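Here is the structure we will look at.
Rule-based calculations on the coordinates, nothing more; no lab input. Note that this is a predicted model, so its numbers are computed, not measured. Note: ideal-geometry Cβ built from the backbone for every residue, glycine included; neighbour counts use all protein chains shown.
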Amino acid sequence: MKNNFIALCFTFLLVCVNVSAQNNAGLSLPTGFKATKFADSIGSARHIAITKNGVLFAKLMSPNKEGKSIIRLQDSNNDGVADKITGWGNYGGTGIYVTGQSLYATSDNDVYLYTLDAKDEVVNPLSPKTIVKGLIAKNQHASKSITLDGNKNIYVNIGAYSNACQEKDRQKGSKGMTPCPILDSAGGIWKFDGSKENQTYGDGKRYATGLRNVVGLDWNTQNNSLFVMQHGRDQLNSFYPEYYSNEQSAELPAETMYELKEGDNAGWPYMYYDPYQKKKILSPEYGGDGKIEGGQNAIDPSMFFPAHMAPNALLFYTGNQFPEKYKNGAFIAFHGSWNRAPLPQEGYYVAFVPFKNGKPVGNWEVFANGFSGLAADEKIMNPRKAKARPCGLAQGPDGSLYVSDDNKGAIFKITYSK
Amino acid sequence: MSKKLYVRISIIIFCLSAFTKAQAQNLMNGKKIYETRCLVCHQADGGGVPHMNAPLDGSTNVVGNNIARLVKIIKEGYNERVALDGEMYSNAMTPNPDLKPADIADVLSYIRNSWSNKSSKITAAQVMQVSRKK
């Protein structure tokens, strides 16, 4: 009897282990894709980057319990789970980027450059080169995310420290400022020399303006262009209930993807993009009523998505592991909304947009879902209920896709096999 | 029961019921203010948004005794990165300069006694008193 019981327990345990291996770390994925939890609870993991040897680096929003803020993760036995985890750095931040043996990491004010040795171990953890310093960070939209083009130029997002450039931020009845003084030093993408030390505003160039806050950005090598994902404005119904119902405010404005050329203006704060009218609409802080068009000098988005989903990472997939339709397409990590309350929240997933020759073709779709840990049919009513929130994306040398979570710090690895 | 005692008891019951009715009305007013001004950021469950908007549910500040600080934040908003109960929050909070002391008292009483929070109710007199001290 006792033996039977033990055998039963053992079988049950085996079944459990088997189920957890098959459940794709809790994610729902298209047919043929699998996921493992590459790491868990490493700290608030914002952006991630991977070397050509497959070593992953994560930038933490603030130092973790061990006081580290740049985490190095290696899967030496190649079982889909990191087995060697170390770290360094004592400053919080979002941006991280690796090219060859150069590892860039950002605080909310500065961009640092570390050197990696042949084993992708950091050579100078305590003495990085300071590439850019003194960038504006005033709590709101302070994170500095980065990408590089093929010519060692670094593009840095400097988010606007405001919702809609009102005289008094987020205050009902306060008018929008003309011209918006924030745009001189924030609310855009700045371009710097990726190898020159101690640069600040005067050394760089405002590459594009009129962007409220960009967290996800990537260089498209097919048409040699910078693509960014903007976080659209909040609280239309809180400040202008005469023009916007709760339902309209939950769906306005669209989250927008832009292809940026030097000198482009995406129109913030004077306008927002309405996904239903498919028009640039004058912001109510500047006299708009939800119908009057605005942004006559502003570029159109390349693609738009439902409101408030907070696109925190953009990655053009250049690997060979995934099926052909994914080649050169864009993955977007949607951190998940909060500004739709009292209506249910949206996002908390990774989406995919097919691209051809550097242009989006066809509709976007949800690629990986289930990060929240809630049942598939359960709506997320309150952001704190979500177990994980997608924040960073990286492509491994074998074409696997990695997704970071900045809630507790999980890293998911997504692979494909026929 | 003497007639006098009966009258006294009746008066006490009347006062008590009027008092609880007034309190219920205060909480209803507090709920209404919460839903129109606070909910979009602090959320229906008072849980806020991780790393952005501070939670009110289970917050030591919200249920604590520093009423002057709570009143000041509601009136003037908040625009500092702040550590609360071990987590950082970065978003700016909208000021509410137009709220009357009675409304501030009602919304404070509501958030101090909603979700898992159980704390003392706040009166308009208390709000006026802490506002004057500044």
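Could you state, as a whole-number percent, how many of the C-alpha pairs of chain B are farther apart than 19 Å?
Every Cα pair in chain B considered, those over 19 Å come to 53 percent.
Under 8 Å for C-alpha pairs, at least 6 residues apart: give me the relative contact order for region A:207-272, rounded to a whole percent.
45
I need the calculated FRET efficiency for the pair A:Ile85 and B:Tyr78, taking r as the beta carbon distance and R₀ as 30 Å, to the nearest 0.05.
0.25
What is the average number of partner chain Cβ atoms found within 10 Å of a Cβ in B:40-53?
6
Would you tell me the mean number of C-beta atoms belonging to other protein chains that fall within 10 Å of each C-beta in A:337-350, as a whole number?
2
Inside 10 Å of the C-beta atoms of B:90-97, what's the mean count of C-beta atoms belonging to other chains?
6
Would you please put A:308-315, A:109-116 in order of how densely packed they are, using the mean number of other Cβ atoms within 10 angstrom per residue and starting with the highest?
A:308-315, A:109-116
If r is the Cβ-Cβ distance from A:Asn198 to A:Gln171 and R0 is 51 Å, what FRET efficiency results, to the nearest 0.05?
0.85
Just tell me which lysines come within less than 29 Å, Cα to Cα, of B:Lys121; anything on the same chain fewer than 8 places away is out.
A:Lys172, A:Lys385, B:Lys21, B:Lys31, B:Lys32, B:Lys72, B:Lys75, B:Lys100, B:Lys133, B:Lys134
Note down the nm distance, to one decimal, between modelled labels 7 Å out along Cα→Cβ at A:Glu324 and at A:Gln277.
Computed distance between label sites A:Glu324 and A:Gln277 equals 4.2 nm.
Under 10 Å, Cα contacts only: if you run a Gaussian network model on chain A, which one of A:Val123, A:Val350, A:Val55 comes out with the highest mean-square fluctuation?
A:Val123
Among B:15-22, A:275-282, A:253-260, what's the highest-first ranking by average C-beta atoms within 10 angstrom per residue?
A:253-260, A:275-282, B:15-22
For the protein assembly as shown, just the Cα atoms, rotate onto the principal axes and tell me the three extents in Å, largest first.
96, 82, 47
Hull surface divided by four, with the convex hull built on the Cα atoms of region A:212-285: how many nm²?
Here the figure is 5.5 nm², rounded to one decimal.
Where the centre of each part is set by its Cα atoms, how far does region A:29-93 sit from region B:55-102, in angstrom?
Cα centres, region A:29-93 to region B:55-102: 34 Å.
May I ask for log10 I(q)/I(0) of region A:119-277 at q = 0.09, 0.15, 0.18, 0.19 Å⁻¹, from a Debye sum over the Cα atoms as equal point scatterers with solvent left out?
-0.34, -0.84, -1.11, -1.20
List nothing, just return the count: lysine pairs in region A:212-364, 8 or more apart or interchain, with Cα separation under 17 Å.
8
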